[in-house]
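Here is the structure we will look at, set down as structure tokens.
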Amino acid sequence: MAQPGRLGAGSPAQNGAVSAAGPPYSNGPVQNPLKHSQVSVSQGYSSPFPGSYPHQIPAKTPLDPSSGPCNYGGSQTVSSLNSYQGPGQTLNRLPLEPNPVAPLQSTIPIPRMPPPPSSQTPAAVPASSDSFLYGPDPSPSSNWQYGHLPVRSKTNNFVPVSTQPSLSGNTNLSRNNQCVSFGAPSLQNNYMKTGSVPPPTNQPLPTIYQPIQAPLGSPPVRSLDPQKKTSNSVPSQPQLNSAVNQEGGISAANNDSVGESSYDTIEGGGFMAPQLTNQNPKMNRNVGYSYPSLPPGYQNTSPNMSGRPSTTLQYTSGLQPFSQSPLGANHLTTSMGGLSLHSEGLRVINLLQERNMLPTIPLKAPVPNLHEDIQKLNCNPELFRCTLTNIPQTQALLNKAKLPLGLLLHPFKDLVQLPVVTSSTIVRCRSCRTYINPFVSFLDQRRWKCNLCYRVNDVPEEFMYNPVTRVYGDPLRRPEVQNATIEFMAPSEYMLRPPQPPVYLFVFDVSHNAVETGYLNSVCQSLLDNLDSLPGNTRTKIGFITFDSTIHFYSLQEGLSQPQMLIVSDIEDVFIPMPENLLVNLNENKELIQDLLKTLPQMFTKSLETQSALGPALQSAFKLMSPTGGRISVFQTQLPSVGVGALKSREEPNQRSSAKEIHLTPSTDFYKKLALDCSGQQVAVDLFLLSGQYSDLASLGCISRYSAGSVYYYPSYHQQHNPVQVEKLQKELKRYLTRKIGFEAVMRIRCTKGLSIHTFHGNFFVRSTDLLSLPNVNPDAGYAVQMSVEENLTDIQVVSFQSALLYTSSKGERRIRVHTMCLPVVSTLNEVYLGADVQAISGLLANMAVDRSITASLSDARDALVNAIIDSLSAYRTSVLSSQQPGLLVPFSLRLFPLFVLALLKQKSFQTGTAARLDERIFAMCQVKNQPLVYLMLMTHPNLYRVDNLSDEGALNINDKTIPQPPILQLSVEKLSRDGAFLMDAGTIMMLWVGKNCGQNFLSQVLGVPNYASLPLNMTHLPDLDTAESSRIGSFISWLREHRPFFPILYIIRDESPMKAAFLQYMVEDRTESALSYYEFLLHVQQQVNK
């Protein structure tokens, strides 16, 4: 038997990465220069001349079907600092030579072959040919390894980016920041809520920390003079291309030279950037209430270092003694030494004897082994979590553990409590540009030490002011130092241009096939119902395009009695007729917009046009949206057939189960290239695919994947024949249209020196090595990154990670949302296993497996998943266990690892032997790459509950509603009984199976039928009955559905129902035609581990 492959970071093709198998996509300049105050806005691109935007994307390059120009992201070594890169890319920072020079971009076709194991690829740790690669450097064999050995030590400098991307050299995206000591006060953290039960409920207004009036008895306020220039000030009128940037990079020294990407300089530049002249950008105008600065006599008073006051100290308006005793290495050692490790965590489990390890309540993230004062300030794991809550001290230790190191983020999640700070000063490290956070150290009241790079920084005067008590005092009381998640109102220095209005463009397929489905009725009605709820303000703009074989624009000019249709039939060279009247103000033209939405569904009912010109329609939409950016929502019902981007069917029904890799890759790079253009102009494209036939989602999905959009899929949608899908579309459209949205966003993840981020997963584009470009960001999107230990962490007690999301709200406010997480460093293998987060590990492996499926093959990805278990449990057996006992021995933290991997193997993305549609498989892969971890795990390993005997015991009480909490059952038919009813919650679908002998009480009180025989075969709703039983199960299902990105349809299933097979398919622990049962799988793993 051939050796199976293992998932790796060395997959050839990347989202925009410079690939040896495809064209290099540089983040070249874009068209339609936008100017404000005579300053060129380059939208984050490095342009050779102001206002000049030549494309650097090759028009035609041979396509390699094995790697594809556009996939879900693998992991490739990329050498260009300013090249476009997308999700799942391996990125390495350039080694700094005395005079770094970027080689010129090659214009010759790049050979279709994997990168040679030469200068571009640092030496990888040897591994068997069937292991996962967890490091950034691919070796010639397709191994899934656990990191890499650094070729040489990396320097911590950031150099300005050349406009010409280099195709050679070794760039290493390392987060070279460091943490040694801490200064965390032992104060109550109101952000973290212990004991919360998913799904989260949220949505109150955020807390705004800003003084309403001057505190009583406070000294007179001295206003900050924005014109007064000191060594730490910025020009009063910030230039968009100014030499001084805000986030750690240095742009061009004068207006004639070429500066680096503006977005890179605004969100933070690289690590250890050269000394900056503006430590803390000041606002030239107040946003809301700014913190008053200190009175003149306050500045020169030396701090009193006498001891730590009580946490109940009431501050007065005068100078307060410095209250923090630094939490240095000695303090941490003492504190952590006193912590007792849970005896359960050290248990060794024999899974062959203890198979039933699934907890009856939702599995929670492990709590890091930190001192209580530090842990209570840590970031909520729903927002930010690591696969290992104990970080290995060295890469060698990580390699030995055979576990992946990575982060999973949900950065824009809707939150119950979000402190929002409106300040004239955002305090950041002058070197690495880290935002001040709860885990920094205050050396005294005037100086703080960065917890990522160790630099000592000055504390600005304004930071002494406490916005909660509205008095001056201890900087430790500031919300920035009290909350691991915080949002700043950003000053104008964080803007490339004035905030643009929210712009929403809807693009509808109106071909005969589309009209036949009746989807326009649902979509237009949903838009009419939610028009007033679209996120935005009085500047919100909206527009509409429809298309079949031609493109139809709609003029909504003020003064018209009805909308005017403009038809463009030349789809080979599309142009925009009357562009000034196609995107109009929503409030000022609401009646015309409502008229159009009411008439659209009937306008094409007699159309016999069967062709679909999706590509030209998207090009038109892009041209229309380019000046402002915004969101394009495109609805498509068939394979595009004419014009650019036309596709041909590639699905072979008889070979569905084999899912050859050729089918998983895009058939054209048109949609990827267009997405790159969209990303550059701050346009995101969301795709709604409503199709009964194969529509090549592998190709179409690229338009959303690389522009930070979302994909929605409704197979076999039809107004009459499939009413369940109609309801699903309506519910999901309501969430989609009304949820929060951020525009012109960028995100950067920083981490302590010694750790290196090398691969990204999600829907976005990577700009300037490590800056994620998100034209739109939404609260339903999740992201993942892979990491390695680049330098030994032997002198470090803890490491920190920080994500910063800079975005423009729908109200036109520039904001920065910051999440910071702190984790301990450990030196033994047993401690690494003790801190393993099995859900996060499974989620990261799922992302890696999608990459492997596309760049190699589905079978290779499946084998790599299995080998991930075998490798880690073999390492545990040989390196940790003192005595070799029979059975399959696992650490308690990994007791569910084999179960979750088996569930992944049976998940639609990776399953074999079933007649799954190719588009459905691709959509499942899209969800793996874009869903937050909590929903990804639910789709992979559903929750099963018995619901015919619900009670109020242990129930939650939310908004005066009682929510039952039945225990979670194992996914096996052994747990079903014919006298009960069982609810399967699989995230995007719910199924209620009713046994033949189910009690009469449940049938009548919940289902509203007199007996089992009266139960309809295709029942999808529970009747709303005035009974306690009906109320309980209704409340439980509503609670489960709350705030989900996708609306789960509920199917009520009896023995003869057509959905019964689908219900049994989710029984992960049972044997199927093509997959092992859980016990058989454990025996297979044991056999391999004990070899």
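The values are calculated or read from the model by the stated rules, or taken from the named source; none is laboratory data. Quantities reported herein were computed from a predicted structural model and do not represent experimental measurements. Heads up, the Cβs are rebuilt from the backbone with ideal geometry, glycines too, and the neighbour counts pull from every protein chain shown. All accessible areas refer to the heavy atoms of the entire protein, side chains included, with ligands and DNA or RNA removed. Shrake-Rupley method; radii C 1.70, N 1.55, O 1.52, S 1.80 Å.
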Name the residues in region 461-489 that are within 16 Å of Ala804 (Cα to Cα) and in contact with a Leu (Cβ under 7 Å, 6 or more places away or on another chain), would you? Ala484, Thr485, Glu487
Looking for something touching a Lys or Arg at 6+ places or on another chain (Cβ under 7 Å), of a type in the set (S, T, N, Q) and at pLDDT 95 or above - is there at least one such residue anywhere in region 791-803? yes
Mind listing whichever residues of region 822-871 are crowded, with 24+ Cβ neighbours inside 10 Å and among the hydroxyl-bearing types (Ser, Thr, Tyr)? Tyr833, Ser842, Ser853, Thr855
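I want to confirm something. Restricting to region 573-586 and keeping residues that are out of contact with any Lys or Arg (no Cβ under 9 Å at 6 or more places or on another chain) and farther than 19 Å from Val510 by Cα, which single residue is most open to solvent (accessible area, probe 1.4 Å)?
Just the residues of region 573-586 that are out of contact with any Lys or Arg (no Cβ under 9 Å at 6 or more places or on another chain), to begin with: 573, 577-578, 580-582.
In the following step, the residues that additionally are farther than 19 Å from Val510 by Cα were identified as 573, 577-578, 580-581.
Values: Asp573: 102, Pro577: 24, Met578: 66, Glu580: 125, Asn581: 19 Å².
Here the answer is Glu580.
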Selection from region 1064-1083 of residues crowded, with 16+ Cβ neighbours inside 10 Å and more than 27 Å from Leu992 (Cβ to Cβ) yields Leu1076, Phe1081, Leu1082
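Only one residue in Thr912, Thr878 is open to solvent by 20 Å² or more (accessible area, probe 1.4 Å), of a type outside the set (Asp, Glu) and assigned to a helix (DSSP H, G or I), so which one is that? It would help to see each step written out before you state the result.
Numbers: Thr912 fails: assigned to a helix (DSSP H, G or I).
Criteria check complete, one pass: Thr878.
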Quick check: is even one residue across region 783-793 surrounded by fewer than 24 Cβ atoms within 10 Å (Cβ to Cβ) and touching a residue at least 60 places away in the same chain (Cβ under 8 Å)? yes
Can you run down the residue pairs with Cβ atoms below 7 Å, 6 or more apart or on separate chains, where the first is in region 626-649 and buried (at least 23 other Cβ atoms within 10 Å of the Cβ) and the partner is modelled with pLDDT under 95 and in a strand (DSSP E or B)? Thr637/Ser691; Gln638/Ser691
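Is region 429-446 home to any residue that is open to solvent by 10 Å² or more (accessible area, probe 1.4 Å), under 20 Å from Leu806 (Cβ atoms) and touching a residue at least 24 places away in the same chain (Cβ under 8 Å)? Steps first, please.
The initial filter retains those residues of region 429-446 that are open to solvent by 10 Å² or more (accessible area, probe 1.4 Å), namely 430-431, 443-444, 446.
Now drop any that are not under 20 Å from Leu806 (Cβ atoms), which leaves 430-431.
Retained after the next criterion (residues that are touching a residue at least 24 places away in the same chain (Cβ under 8 Å)): 430-431.
There is at least one residue in region 429-446 that is open to solvent by 10 Å² or more (accessible area, probe 1.4 Å), under 20 Å from Leu806 (Cβ atoms) and touching a residue at least 24 places away in the same chain (Cβ under 8 Å).
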What are the residues in region 332-358 that are open to solvent by 70 Å² or more (accessible area, probe 1.4 Å) and either closer than 11 Å to Asn369 by Cα or modelled with pLDDT under 50 (or both), if any? Thr333, Thr334, Ser340, Leu341, His342
What about Glu558, is it touching a strand residue (DSSP E or B) at 6+ places or on another chain (Cβ under 8 Å), open to solvent by 70 Å² or more (accessible area, probe 1.4 Å) and touching a residue at least 12 places away in the same chain (Cβ under 8 Å)? yes
Determine if region 660-673 includes at least one residue that is out of contact with any Lys or Arg (no Cβ under 8 Å at 6 or more places or on another chain), modelled with pLDDT of 95 or more, over 25 Å from Arg852 (Cβ atoms) and open to solvent by less than 10 Å² (accessible area, probe 1.4 Å). no
Here is a check on your reading of the model: is Leu377 open to solvent by 10 Å² or more (accessible area, probe 1.4 Å), out of contact with any helix residue (DSSP H, G or I) (no Cβ under 6 Å at 6 or more places or on another chain) and assigned to a loop (DSSP other than H, G, I, E, B)? no
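What are the residues in region 597-608 that are open to solvent by 60 Å² or more (accessible area, probe 1.4 Å) and either assigned to a loop (DSSP other than H, G, I, E, B) or without any contact (Cβ under 8 Å) to a residue 12 or more places away in the chain (or both), if any?
Of all residues in region 597-608, those open to solvent by 60 Å² or more (accessible area, probe 1.4 Å) come to 598-599, 602-603, 605-606, 608.
Of everything in region 597-608, those that are open to solvent by 60 Å² or more (accessible area, probe 1.4 Å) and either assigned to a loop (DSSP other than H, G, I, E, B) or without any contact (Cβ under 8 Å) to a residue 12 or more places away in the chain (or both) turn out to be Gln602, Thr605, Lys606, Leu608.
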Identify all residues within region 732-755 that are charged (D, E, K, R), under 27 Å from Phe1047 (Cβ atoms) and touching a helix residue (DSSP H, G or I) at 6+ places or on another chain (Cβ under 9 Å); write none if there are none. Lys734
Taking region 382-396, which residues are open to solvent by 10 Å² or more (accessible area, probe 1.4 Å) and farther than 14 Å from Gly835 by Cα? Glu382, Thr394, Ala396
Kindly establish whether Asp1055 is more than 27 Å from Ile958 (Cβ to Cβ) and open to solvent by less than 60 Å² (accessible area, probe 1.4 Å). yes
Checking Leu534 against (1) free of Cβ contacts under 8 Å to residues at least 60 places away in the same chain; (2) touching a Leu at 6+ places or on another chain (Cβ under 8 Å): exactly one of these is not met. Which one? (1)
If you scan region 403-458, which residues turn out to be farther than 17 Å from Asn378 by Cβ, hydrophobic (A, V, I, L, M, F, W, C) and not in a loop (DSSP other than H, G, I, E, B)? Val420, Val421, Phe442, Leu443, Trp448, Val456
With respect to the numbered conditions (1) part of a helix (DSSP H, G or I); (2) in contact with a Phe, Trp or Tyr (Cβ under 6 Å, 6 or more places away or on another chain); (3) modelled with pLDDT of 95 or more, which one is the sole condition not fulfilled by Cys822? (1)
Filter region 756-771 down to residues that are in contact with a helix residue (DSSP H, G or I) (Cβ under 9 Å, 6 or more places away or on another chain) and not in a loop (DSSP other than H, G, I, E, B) and give me whichever is farthest from Leu676 (Cα to Cα). Thr759
Within region 962-1010, track down each residue that is within 23 Å of Trp1039 (Cβ to Cβ), touching a Leu at 6+ places or on another chain (Cβ under 8 Å) and of a type in the set (Gly, Ala, Ser). Ala981, Ala986, Gly987, Gly1008
Within region 1036-1045, does at least one residue satisfy the condition of being hydroxyl-bearing (Ser, Thr, Tyr) and buried (at least 16 other Cβ atoms within 10 Å of the Cβ)? no
Inspect all residues belonging to region 742-756 and state whether any of them is within 27 Å of Gly987 (Cα to Cα) and open to solvent by less than 10 Å² (accessible area, probe 1.4 Å). yes
Give just the number: which of (1) within 37 Å of the chain's Cα centre (by Cα); (2) more than 26 Å from Pro362 (Cα to Cα); (3) open to solvent by less than 50 Å² (accessible area, probe 1.4 Å) does Leu969 not satisfy? (2)
Would you check if Lys996 is in contact with a helix residue (DSSP H, G or I) (Cβ under 7 Å, 6 or more places away or on another chain) and basic (Lys, Arg)? yes
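For region 500-512, how many residues meet the condition of being open to solvent by 10 Å² or more (accessible area, probe 1.4 Å) and either in contact with a helix residue (DSSP H, G or I) (Cβ under 7 Å, 6 or more places away or on another chain) or farther than 17 Å from Ser626 by Cβ (or both)?
Quick first cut of region 500-512, residues open to solvent by 10 Å² or more (accessible area, probe 1.4 Å) only: 500-501, 512.
Filter again for either in contact with a helix residue (DSSP H, G or I) (Cβ under 7 Å, 6 or more places away or on another chain) or farther than 17 Å from Ser626 by Cβ (or both), leaving 512.
Number satisfying all stated conditions: 1.
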Any residue at all in region 896-905 that is open to solvent by 20 Å² or more (accessible area, probe 1.4 Å) and at pLDDT 95 or above? no
